[in-house]
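Engineer: Could you have a look at this structure, given as structure tokens, before my questions?
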């Protein structure tokens, strides 16, 4: 006896080894659709065999695929975001959708603060200054500290709160804007995105990607920011008008940016790639072994809860 649960799970798209191995350790059959030479034909013949789909926000699942899975009861996703999953359509068909919030809060918040420090102290430029031998010809120019600067957080969810905790420890002044004021936090609530941006020394985006947040940071808002301010995005690329951000950086409307997410990923062809005042990372904010294992385990736990007839741990509804 293997001890594995006898269920067929359909795994969508290319996924990490940690994710695949976590599912294979718990469930008898994990069928990777990406390995099928003709996935559409496979779904026509075998789609009815799967009650559970495992996916991620980078891959997602749309209505037309859901329709090819007539027995589908659960979509379990690896990641916090769910904009690539047709949640409304799934809910309409009484299909449960789950994600993996909270287990990645610390790593994402660490990434936001890492970028904040690196931008303020010009970490990448200082590193190059030493490596290229420029130090032999003079001292590095002065940079800026983070203490007593305004950390403006757009989106005070669980990740936003984790960022605020770290920024407060760095002796930064915390202000935030959210859909509604959070009564359980003591940070200063700002009524509008515009006012938040005006006050920011560092504006950190930590909000979900929805129809309402698409390009919430646009040319008009960017033009109101201090010329010394930085933008940090560890949310989703769609929440920033990337062309407007590039223009703001090129013209000196803002001092710099730290971006872990982009409107088009992977980001391989953009003026951002040649900008010294910009820090770019490959959508890796949650990319630690510990966090990815916790995410994979939560996907498995949600699937097991469903199969046991219990409430899933982290349902998603829209």
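The values are calculated or read from the model by the stated rules, or taken from the named source; none is laboratory data. Since the model is a prediction, treat every value here as computed from it, not as a measurement. Here the Cβ positions follow ideal geometry from the backbone for every residue, glycine too, while neighbour counts run over all protein chains shown.
Engineer: Output the residue which, of all residues in the range 17-29 that are in contact with a helix residue (DSSP H, G or I) (Cβ under 9 Å, 6 or more places away or on another chain) and loosely packed, with under 15 Cβ neighbours inside 10 Å, is farthest from residue 63 (Cα to Cα).
Structural biologist: Step by step, filter the range 17-29, then rank; the result is 25.
Engineer: Quick check on my filter: what residues within the range 66-104 are within 22 Å of residue 263 (Cα to Cα) and not in a loop (DSSP other than H, G, I, E, B)?
Structural biologist: If the condition is that a residue be within 22 Å of residue 263 (Cα to Cα) and not in a loop (DSSP other than H, G, I, E, B), then 77, 78, 85, 87 are the ones that fit.
Engineer: Go through (1) surrounded by 24 or more Cβ atoms within 10 Å (Cβ to Cβ); (2) under 15 Å from the mean Cα position of the chain (by Cα) for residue 116 and report which single condition fails.
Structural biologist: Just one mismatch for residue 116, condition (2).
Engineer: Still on this model: Which one of 312, 318, 299 is within 23 Å of residue 12 (Cα to Cα), assigned to a loop (DSSP other than H, G, I, E, B) and in contact with a strand residue (DSSP E or B) (Cβ under 6 Å, 6 or more places away or on another chain)?
Structural biologist: 312
Engineer: Just checking, does the range 263-280 include any residue being at pLDDT 95 or above, closer than 16 Å to residue 218 by Cα and under 20 Å from the mean Cα position of the chain (by Cα)?
Structural biologist: yes
Engineer: A further question on this structure: Scan the range 46-65 residue by residue and report those that are part of a strand (DSSP E or B) and touching a helix residue (DSSP H, G or I) at 6+ places or on another chain (Cβ under 7 Å).
Structural biologist: 52, 54
Engineer: Return the only residue of 179, 166 being in the same structural domain as residue 116 (by TED's automatic domain parsing) and in a helix (DSSP H, G or I).
Structural biologist: 166
Engineer: Just need a number here: residues in the range 49-73 that are more than 17 Å from residue 295 (Cα to Cα) and under 22 Å from the mean Cα position of the chain (by Cα).
Structural biologist: Matching residues across the range 49-73 total 2.
Engineer: Name the single residue that is surrounded by the fewest Cβ atoms within 10 Å (Cβ to Cβ) among those in the range 31-59 being closer than 23 Å to residue 287 by Cα and at pLDDT 95 or above.
Structural biologist: So the residue we want is 34.
Engineer: Which residue out of 235, 296 is at pLDDT 95 or above, outside the structural domain of residue 159 (by TED's automatic domain parsing) and within 17 Å of the chain's Cα centre (by Cα)?
Structural biologist: Result of the check over 235, 296: 296.
Engineer: For residues that are in a loop (DSSP other than H, G, I, E, B) and surrounded by 12 or more Cβ atoms within 10 Å (Cβ to Cβ), scanning just the range 119-144, find the one that is farthest from the chain's Cα centre (by Cα).
Structural biologist: Here the answer is 140.
Engineer: Only one of these is more than 27 Å from residue 214 (Cβ to Cβ), touching a residue at least 24 places away in the same chain (Cβ under 8 Å) and not assigned by TED's automatic domain parsing to the domain that holds residue 303: 54, 118. Name it.
Structural biologist: Exactly one of 54, 118 is more than 27 Å from residue 214 (Cβ to Cβ), touching a residue at least 24 places away in the same chain (Cβ under 8 Å) and not assigned by TED's automatic domain parsing to the domain that holds residue 303, namely 118.
Yes/no per residue for (1) out of contact with any helix residue (DSSP H, G or I) (no Cβ under 9 Å at 6 or more places or on another chain); (2) closer than 16 Å to residue 272 by Cβ; (3) buried (at least 16 other Cβ atoms within 10 Å of the Cβ):
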position	(1), (2), (3)
199	yes, no, yes
204	no, no, yes
214	no, no, no
222	no, yes, yes
232	no, yes, yes
235	no, no, yes
243	no, yes, no
246	no, yes, yes
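Engineer: Would you check if residue 194 is touching a residue at least 60 places away in the same chain (Cβ under 8 Å), farther than 20 Å from residue 112 by Cβ and over 16 Å from the mean Cα position of the chain (by Cα)?
Structural biologist: Criteria not met by residue 194.
Engineer: Give the residue, chosen from 254, 204, that is in contact with a strand residue (DSSP E or B) (Cβ under 7 Å, 6 or more places away or on another chain), at pLDDT 95 or above and assigned to a strand (DSSP E or B).
Structural biologist: 204
Engineer: What tally of residues in the range 1-16 results from selecting those that are part of a loop (DSSP other than H, G, I, E, B) and touching a helix residue (DSSP H, G or I) at 6+ places or on another chain (Cβ under 8 Å)?
Structural biologist: Looking only at that region, the number is 5.
Engineer: Continuing with the same structure: So is residue 116 in contact with a helix residue (DSSP H, G or I) (Cβ under 8 Å, 6 or more places away or on another chain), part of a loop (DSSP other than H, G, I, E, B) and closer than 28 Å to residue 259 by Cα or not?
Structural biologist: no
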